[in-house]
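Note sheet for the following structure.
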Amino acid sequence: MTRTELLSTIRRKRSLLCVGLDTEEHLVPDHFKEESHPVRAFNEAVVEVTHDLAVAYKLNLAFYEALGDQGWLDLEATIAYIRSKGDCFIIADAKRGDIGNTARKYAEAFFDKLDVDAVTLSPYMGRDSVTPFVGRAGKWAIVLGVTSNAGAEDIQFLPVNGRPLYETAIQRIATWCSTDDLMFVVGATRPEVLAEVRALAPQHFFLVPGVGAQGGDLNEVLKAGMTADGGLLINSSRGVLYAGTGEEAIPAARRAAKELQQVMESALRAKGVI
């Protein structure tokens, strides 16, 4: 999905919502566990009731890789089901970070085999760990900028020439690629940092995790990070997936997604995006 197509989807759906499909089989409602593929069935049910509200879906690879062969099949099937719904941006949350032929093979696996639109990457090994993922029409690298976890302060906030390391990293990485194929991950739990990063990268899309279960405030995220064309994909995983239990799980997932979308719609209108 190109930047133009992504912006069009945001306007059409009046949303910046990304639903994280970090599905764990033991947490899905019991009636899905009766299916031959419980994770796949649950994911498809969630996508069915949210795809008109969600601009994007993010699949955290760890939750699928942990299940071995079956997990990979669930991943492929879920991506194919999302694709069948049309205009949804699909993110492989893989956090890969390697160089040379290895990075190229990762890019081939995610873009050519799995047919996702974007892959999350760790830039610690430098430019050659990122560039194999860019330069493909409609494909994106989403690079870790400043994350929402407590451990982010261990390295990302280390002072370098009087500035936190993440600032230097983001400014430098922004010169490697264009705003058409590079996004940054910027966590929701520090809105003041999100505002600072927006000043550093005013035109780049941000993938923003941490709203909901991790404590990030949606309104603060919108205030700190939204641009004149939207510029954000705001992720909610557990807050949508596990909004309800039993037979109410899927209706509750839609209600949770709708509540988020409505707040986003109001902000998009106020900003003049729609």
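May I ask you to list pairs of residues, at least six apart or on different chains, whose Cβ atoms are under 6 Å apart, with the first in segment 16-31 being farther than 26 Å from Leu207 by Cα and the second being of a type in the set (Val, Ile, Thr) and assigned to a strand (DSSP E or B)?
Short answer, once both residue conditions are applied: none.
Out of all the residues in segment 58-74, is one or more in a loop (DSSP other than H, G, I, E, B), under 18 Å from the mean Cα position of the chain (by Cα) and more than 18 Å from Met1 (Cβ to Cβ)?
Start the filter on segment 58-74 by keeping residues that are in a loop (DSSP other than H, G, I, E, B), which leaves 61, 66-68.
Pick out the ones that are also under 18 Å from the mean Cα position of the chain (by Cα) and you get 61.
Going one step further and asking which of them are more than 18 Å from Met1 (Cβ to Cβ), we end up with 61.
Yes, some residue in segment 58-74 is in a loop (DSSP other than H, G, I, E, B), under 18 Å from the mean Cα position of the chain (by Cα) and more than 18 Å from Met1 (Cβ to Cβ).
Show the residue pairs that are 6+ apart or on different chains and have beta-carbon atoms under 7 Å apart, the first residue being within segment 182-203 and surrounded by fewer than 17 Cβ atoms within 10 Å (Cβ to Cβ), the second being part of a loop (DSSP other than H, G, I, E, B).
Sorted first by the residue in segment 182-203, then by its partner, the pairs are Gln203/Thr179.
Given the options Ala141, Ala107, Ala188, name the one that is part of a helix (DSSP H, G or I) and either out of contact with any strand residue (DSSP E or B) (no Cβ under 8 Å at 6 or more places or on another chain) or closer than 29 Å to Gly71 by Cβ (or both). Steps first, answer last, please.
Details: Ala141 fails: part of a helix (DSSP H, G or I); Ala188 fails: part of a helix (DSSP H, G or I).
Within the list Ala141, Ala107, Ala188, the selection yields Ala107.
Select from segment 116-138 the residues that are of a type outside the set (A, V, I, L, M) and assigned to a loop (DSSP other than H, G, I, E, B) and write down the one among them that is surrounded by the most Cβ atoms within 10 Å (Cβ to Cβ). Write out each step before concluding.
First pass over segment 116-138, keeping only residues of a type outside the set (A, V, I, L, M): 117, 120, 122-124, 126-129, 131-133, 135-136, 138.
Now narrow it down to the ones that are assigned to a loop (DSSP other than H, G, I, E, B): 117, 122-124, 126, 135-136, 138.
Numbers: Asp117: 21, Ser122: 15, Pro123: 19, Tyr124: 10, Gly126: 13, Gly135: 13, Arg136: 13, Gly138: 16.
The qualifying residue surrounded by the most Cβ atoms within 10 Å (Cβ to Cβ) is Asp117.
Can you name every residue in segment 218-246 that is in a strand (DSSP E or B) and surrounded by 21 or more Cβ atoms within 10 Å (Cβ to Cβ)? Explain how you work it out, then say what you get.
Going through segment 218-246, the residues in a strand (DSSP E or B) turn out to be 227, 230, 232-236.
Those that are in a strand (DSSP E or B) and surrounded by 21 or more Cβ atoms within 10 Å (Cβ to Cβ): Gly230, Leu232, Leu233, Ile234, Asn235, Ser236.
Scanning for something in a loop (DSSP other than H, G, I, E, B), within 18 Å of the chain's Cα centre (by Cα), modelled with pLDDT of 95 or more and surrounded by 14 or more Cβ atoms within 10 Å (Cβ to Cβ), does segment 87-99 turn up at least one residue?
Residues of segment 87-99 in a loop (DSSP other than H, G, I, E, B): 87-88, 97-99.
This time we only want the ones that are within 18 Å of the chain's Cα centre (by Cα), so: 87-88, 97.
If we keep only those that are modelled with pLDDT of 95 or more as well, we get 88.
Still in the list and also surrounded by 14 or more Cβ atoms within 10 Å (Cβ to Cβ): 88.
Checking segment 87-99: at least one residue is in a loop (DSSP other than H, G, I, E, B), within 18 Å of the chain's Cα centre (by Cα), modelled with pLDDT of 95 or more and surrounded by 14 or more Cβ atoms within 10 Å (Cβ to Cβ).
Search segment 34-48 for residues that are over 16 Å from Glu248 (Cα atoms) and pair each with any residue that is of a type in the set (Phe, Trp, Tyr) and crowded, with 16+ Cβ neighbours inside 10 Å when their beta-carbon atoms are under 6 Å apart and the residues are at least 6 apart or on different chains.
What qualifies is Pro38/Phe32.
Could you grab the pairs with beta carbons closer than 7 Å, sequence gap of 6+ or different chains, first residue in segment 138-151 and more than 23 Å from Ala107 (Cα to Cα), second one of a type outside the set (S, T, N, Q) and at pLDDT below 95?
These pairs meet every condition: Ser148/Gly187; Ser148/Ala188; Ser148/Pro209; Ser148/Gly210; Ser148/Gly216.
Under 8 Å by Cβ, and 6 or more places apart or on different chains, what pairs join a residue from segment 115-130 that is over 15 Å from Ala92 (Cα atoms) with one that is among the charged types (D, E, K, R) and not in a strand (DSSP E or B)?
Hits for this filter: Met125/Asp98; Ser129/Asp98.
Condition first: β-branched (Val, Ile, Thr), part of a loop (DSSP other than H, G, I, E, B) and touching a residue at least 12 places away in the same chain (Cβ under 8 Å). Now tell me which residues in segment 152-181 satisfy that.
Let us first name the residues in segment 152-181 that are β-branched (Val, Ile, Thr), namely 155, 160, 168, 170, 173, 175, 179.
When the remaining residues are screened for being part of a loop (DSSP other than H, G, I, E, B), the result is 175, 179.
Within segment 152-181, just Thr179 meets the criteria.
The values are calculated or read from the model by the stated rules, or taken from the named source; none is laboratory data. Quick caveat: nothing in here was measured; it's all calculated off a predicted structure. All Cβ positions, even for glycine, are placed from backbone atoms using ideal geometry, and neighbour counts span all protein chains on display.
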